[in-house]
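Some notes on the structure that comes next.
The values are calculated or read from the model by the stated rules, or taken from the named source; none is laboratory data. All values derive from a computational prediction rather than experimental measurement. Cβ sites come from the backbone with ideal geometry, for glycine too, and all protein chains shown count toward neighbours.
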Amino acid sequence: MMQFLFACFLFDYGRSQSTQCGQCIIFYAQTFFRAENVSFSSVKPSKMTKTAAESDPLAIRKRILKEFQKVKKRIASLPEYWRRDTFWTHKQLCKKLGNDFMEYAEFEFWFLRFIQGNFDLNVDRRHELRNVSKGIRIQVDSWDPELIKLSYNTAEDWSFQHKTMSASFRRSIFERKRKMNPLLYTLVILKNPKLRLEELTLGGTDKYWRELVEELDQSNQKLHVKHIHTSSNFDLHYLDPGEIEEITVFLRDPKAEEIQQILESEQYKSARMTHFETHVFPSKFPFECFYKCPKFTLTLGGQPALKIKWDFIKNLLKCAQVQLCHISIYNNATDELKQKIQEEFEEKYPRVDPNNPNIRRQKIPGTNEFYEMEMTDGMMRIERKQ
């Protein structure tokens, strides 16, 4: 444990030469102390293997209980030799699961509990630490991780930005502590009720992330995030709708069902703006999803495909549901193409203000409102106004 914390400290100190060394050590110590005491009630391994033992504390405890059942009669008849039987059982499990599957002191703790007739496997040993002193109790109960940003690719590849430091975690770090499920370190941070993230970036959502979301669901807990970036997961139900302000979604292979899932979510309805980005050409993009969408930003890849985009804008204005949107008309274009786009823009939407050549207006039938359109640097802003 201490070697791991020291390695993390040296890594962070070497990168930044930070004077906030104490903050760094405290953060790592609080995070990894809690990770040692987290258990997954939702994981139900079908068979105890070395891999499961290394990654799942609850599975380890179940296996210890199973081995205890084999020797409990002998211990009951010769209680003075309980420590010998404990040591022998630990030695036998080391042969099956590996010498580092669990330190002997931890193994003896669980074995002694079973001897005493206590078979509760979901023990939070933080409560033992809380009883050491009032000062420690305050630290355990009131810890605020003070993270600003968290980026998650896999359970073994994630990074964070703290108020006083930043760090990245990679597979090589977790190889030093193989018996721990790497998700525990992420989970203990994200489940902290005081966590308030400015940004959460999901580059990938592996099985561990799905387990993490299940854990949050079971505890009826939501993540407090202001801005989420995601390119792999479009189910946002685990985010607190009252906190979310912006959503940025990168669509590798845009599908109407995925876009609709986002547009129907409470998180989308609560956010001020949702940005959709893709490298897919306009000819392959499901524009119809946005006709009844009140707010969005849409950035497309490929060639401008002006006819497709003009038709989309025409239908969008006809549906009259949008309140505010930004649509990319072109990304990188030659001066000649920009001139052509400007001419088409003026032809379709005549000027109303000579002093503002980039602004156009179109009345909304049956109302006293209108749409204001503005072309700037290849993006068109469409906003409903009175």
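The set of residues in region 191-221 being part of a helix (DSSP H, G or I) and free of Cβ contacts under 8 Å to residues at least 60 places away in the same chain consists of Lys207, Tyr208, Trp209, Arg210, Leu212, Val213, Leu216, Asp217. Here Ser232 meets each of (1) of a type in the set (S, T, N, Q); (2) within 14 Å of the chain's Cα centre (by Cα); (3) more than 23 Å from Leu147 (Cα to Cα) with one exception, condition (3). Select from region 327-377 the residues that are part of a loop (DSSP other than H, G, I, E, B) and modelled with pLDDT of 85 or more and write down the one among them that is nearest to Phe296 (Cα to Cα). Applying the filter and picking the extreme gives Ile329. Could you please let me know if Thr248 is under 21 Å from Gly301 (Cβ atoms), modelled with pLDDT of 95 or more and hydroxyl-bearing (Ser, Thr, Tyr)? Judged against the criteria, Thr248 is a match.
Take Asp85 and decide whether it is surrounded by 17 or more Cβ atoms within 10 Å (Cβ to Cβ) and without any contact (Cβ under 8 Å) to a residue 24 or more places away in the chain. Answer is yes for this residue.
Among the residues of region 222-262, those that are more than 16 Å from Gly204 (Cα to Cα), assigned to a loop (DSSP other than H, G, I, E, B) and among the charged types (D, E, K, R) comprise Lys222, Asp240, Glu243, Glu245, Lys255.
Tallying residues that are modelled with pLDDT of 75 or more and either under 14 Å from Tyr208 (Cβ atoms) or not in a strand (DSSP E or B) (or both) within region 157-190 yields 6.
Would region 261-272 turn up any residue that is more than 19 Å from the chain's Cα centre (by Cα) and free of Cβ contacts under 8 Å to residues at least 12 places away in the same chain?
So far as region 261-272 goes, yes, one or more of its residues are more than 19 Å from the chain's Cα centre (by Cα) and free of Cβ contacts under 8 Å to residues at least 12 places away in the same chain.
Selection of region 192-245 for residues being at pLDDT 85 or above and hydrophobic (A, V, I, L, M, F, W, C) yields Leu195, Leu197, Leu200, Leu202, Val213, Leu223, Val225, Ile228, Leu236, Leu239, Ile244.
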